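First comes the structure, then the notes that go with it.
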Amino acid sequence: MERATTNWSPNTLWEEIRGGRFRRHTSGVCSGYAQANLVILPKLEALDFLIFCQRNPRPCPLLDVLEPGETTPPSSPGADIRTDLPGYRLFLDGELADERDQITDLWQNDWVSFLLGCSFTFEWALIGAGIPLRHVQEGKNVAMYNTGIACRPAGMFAGNMVVSMRPILASLIPQVVQICSRFPSVHGAPIHVGEPAALGIADLAAPDYGEAVAIECGELPVFWACGVTPQLVARHSRPPVMVTHAPGCMFVTEIPNQTLAR
């Protein structure tokens, strides 16, 4: 990982993305600022998705919902939701149709943008407490897995949860739970520790998104609800159009992490 990016401001990151100079995951970027998953839907489907998020706050914790056609989040003046993420995904009828650097040419005035809390936000609290995170140390995107855990449906939206995984020393897990519990708006405490088969995960070495990391002696896999869940839900629910972030390529807001801590 390019360590200099930890000290970037969100505005610097947006400029780097717009200039085509930053095209990778945002784990470990812009220390101190909250990151967000992105889901964009036409207004016609937006109410169902809003209810879906309210019914499933662990994988889909709402940070903000923009007005139809709005492209600048009120919390991040100067940002443009159409250009300021390192990668976007376009789903058509539930199928991944394209991966793009920007969506300006696709934009419709009835599109509603949802910003969902991201676990990259609480990673800074863990690192600050001296808890090592291997994917950050190795400059990798966090490993993410589809599960067999069904979300609570809402309207047209239904499907299973996605989780992220981080190996944690067993002796540190109580501290990790305590720290993450202070951040319910960015997934909060882990949902599972230990045996991945209990979540329907067959092989930790083969994540569905992101990159695998080793689990060393004395460590256990720890799983959090993940904001990639809407992308799996899209495949099941098949909305006519949905735009999301590429997994790991978040929107970095100007919201200070500390303001999200209880």
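Please treat every number below as a calculation from the coordinates, not as lab data. Owing to the predicted nature of the structure, the values given are computational and were not obtained by experimental measurement. All Cβ positions, even for glycine, are placed from backbone atoms using ideal geometry, and neighbour counts span all protein chains on display.
Can you put LEU41, LEU260 in order, fewest other beta carbons within 10 Å first?
Values: LEU41 26, LEU260 19.
Ranking LEU41, LEU260 by Cβ neighbours within 10 Å, fewest first, gives LEU260, LEU41.
Within the chain, the cysteines lacking any other cysteine Cβ closer than 4.7 Å to their own Cβ are CYS30, CYS118, CYS151, CYS180, CYS217, CYS226, CYS249. For VAL193 and GLU138, the difference between the fully extended length at 0.36 nm per residue and the C-alpha to C-alpha distance is 17.6 nm. Helix-only arithmetic for the chain: the sum of -39500 (n - 2.57) across DSSP H runs with n ≥ 4, divided by the residue total, places the mean residue ellipticity at 222 nm at -5500 deg cm²/dmol.
Below 11 angstrom from the Cβ of PHE91, what's the summed charge of the other residues (Lys, Arg +1; Asp, Glu -1)? Provide the component values of the computation, followed by the final result.
Values: positive: ARG89, ARG235, ARG238; negative: ASP93, GLU95, ASP98, GLU99.
That works out to -1.
How big is the charge dipole of the chain about its Cα centre, in debye rounded to the nearest 20, if each Lys and Arg gets +1 on its Cβ and each Asp and Glu gets -1 on its Cβ?
On the way: 19 positive and 26 negative charges, 104 e Å.
My answer is approximately 500 debye.
Annotation for segment 158-203 versus segment 215-262: alpha-carbon center distance of 12 Å.
For the residues THR229, THR6, THR26, THR104, what sequence is obtained by ranking on other C-beta atoms within 10 Å, fewest first? Write out the running numbers ahead of the final one.
Details: THR229 28, THR6 15, THR26 23, THR104 11.
Ascending number of Cβ neighbours within 10 Å: THR104, THR6, THR26, THR229.
Taking the square roots of five times each eigenvalue of the Cα gyration tensor of segment 123-225, the equivalent ellipsoid has semi-axes of 23, 17, 13 Å, listed largest first.
Simple spin-label estimate for HIS236 and ALA158 gives 0.8 nm between the two label positions (7 Å along the Cα-to-Cβ direction from each Cα). Shown is the FRET efficiency for THR12 and ASP105, computed with R0 = 25 Å from the Cβ-Cβ distance and rounded to the nearest 0.05: 0.50. On the principal axes of its alpha-carbon atoms, the chain has extents of 52, 39, 32 Å, going from largest to smallest.
Charged side chains reduced to their Cβ positions (Lys and Arg at +1, Asp and Glu at -1) give segment 123-225 a dipole of some 340 debye around its Cα centre.
Treating r as the C-beta distance of SER171 and ALA261 and R0 as 25 Å, the FRET efficiency rounds to 0.60. If R0 equals 25 Å, the separation of the Cβ atoms of ASP93 and ASP208 corresponds to a calculated FRET efficiency of about 0.75.
When the Gaussian network model of the chain links Cα atoms closer than 10 Å, the mean-square fluctuations of LEU90, LEU47, LEU63 top out at LEU47. Taking the chain as a Gaussian network, where each spring joins two C-alpha atoms under 10 Å apart, which residue of HIS236, HIS135, HIS187 fluctuates the most? In the Gaussian network model the winner is HIS236.
For the chain, there are no membrane-span-like helices by this rule, meaning no whole DSSP H stretch whose C-alpha atoms cover at least 20 Å of axis and whose Kyte-Doolittle mean is 0.0 or above; this says nothing about an actual membrane. Segment 46-66 and segment 75-117 have their alpha-carbon centroids 17 Å apart.
Treat the count of other C-beta atoms within 10 Å as a stand-in for reagent exposure and order GLU211, GLU67, GLU123 from fewest to most.
Values: GLU211 15, GLU67 10, GLU123 23.
Listing GLU211, GLU67, GLU123 from fewest to most nearby Cβ atoms yields GLU67, GLU211, GLU123.
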